[in-house]
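These notes are about the structure you will find just below.
What follows draws every value from the coordinates through simple rules; no lab data is involved. Keep in mind it's a predicted model, so treat the numbers as computed, not measured. With ideal geometry, Cβ positions are generated from the backbone for all residues, glycine too; neighbour counts draw on all protein chains shown.
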Amino acid sequence: MLVISRFDVPEAEGAGFLERARAALGAFAARPGFVRGRVGRSADVPTAWALTTEWDSVGSFRRALSDFDVKVHASTLLAESSDEPSAFEVMGAWDGSAETVGRTDRAPDADVTRVGEPPR
């Protein structure tokens with residue numbers, strides 16, 4: 001699972017944002033299921049930043065969000081991200097020597113059934 005969060009950060013606040021993003025990655029890295037994470041700034045628009053994390057499953061990411069250190073260091077940062085989809089299932093990958101084909105973990109009725117409702 002990939003989580004991609006984009007941010008608009010004024011240039012004067014870039015160093016502080018980077019420090020906070022590194023703290024968020026540190027908190028995430030301590031959680032089970034964390035695979036890797038990165039923070040980057042656009043080469044073309046210096047106010048555009050992205051924080052990406054990779055997880056072994058959706059559940060690992062969601063459970064990580066309930067950890068105290070993640071709430072303190074990451075959740076507050078993620079609350080400042082652009083309001084857009086950020087969690088993506090890996091449907092295919094290439095590591096330079098082999099392709100991996102992913103599969104979905106979404107339930108067939110995920111778009112019509114909500115937590116606590118009976119399946120339709």
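Things worth noting here:
- Computed P(r) (all Cα pairs; region 2-89; 5 Å bins; percent): 3, 15, 27, 27, 17, 8, 3, 0
- Rounded to the nearest Hz, the phi-derived 3J(HN,Hα) couplings of region 74-87 under the Karplus curve 6.51 cos²θ - 1.76 cosθ + 1.60 (θ = phi - 60°) are 9, 4, 5, 5, 4, 5, 8, 6, 4, 7, 7, x, 10, 9, where x marks glycine and proline.
- Using the Cβ of Thr76 as centre and a radius below 12 Å, the other residues enclosed give a net charge of 0, where K and R count +1 and D and E count -1.
- The peptide list 41-51, 78-88, 64-74, put in order of mean Cβ contacts within 10 Å with the highest first, becomes 64-74, 41-51, 78-88.
- Positive minus negative residues near Arg38 (Lys, Arg vs Asp, Glu; Cβ under 14 Å): +3
- Summed residue charge, Cβ within 14 Å of Leu25's Cβ, Lys/Arg positive, Asp/Glu negative: +1
- Subtracting the Cα-Cα distance of Asp95 and Ala50 from 0.36 nm times their residue separation leaves 14.1 nm of extension gain.
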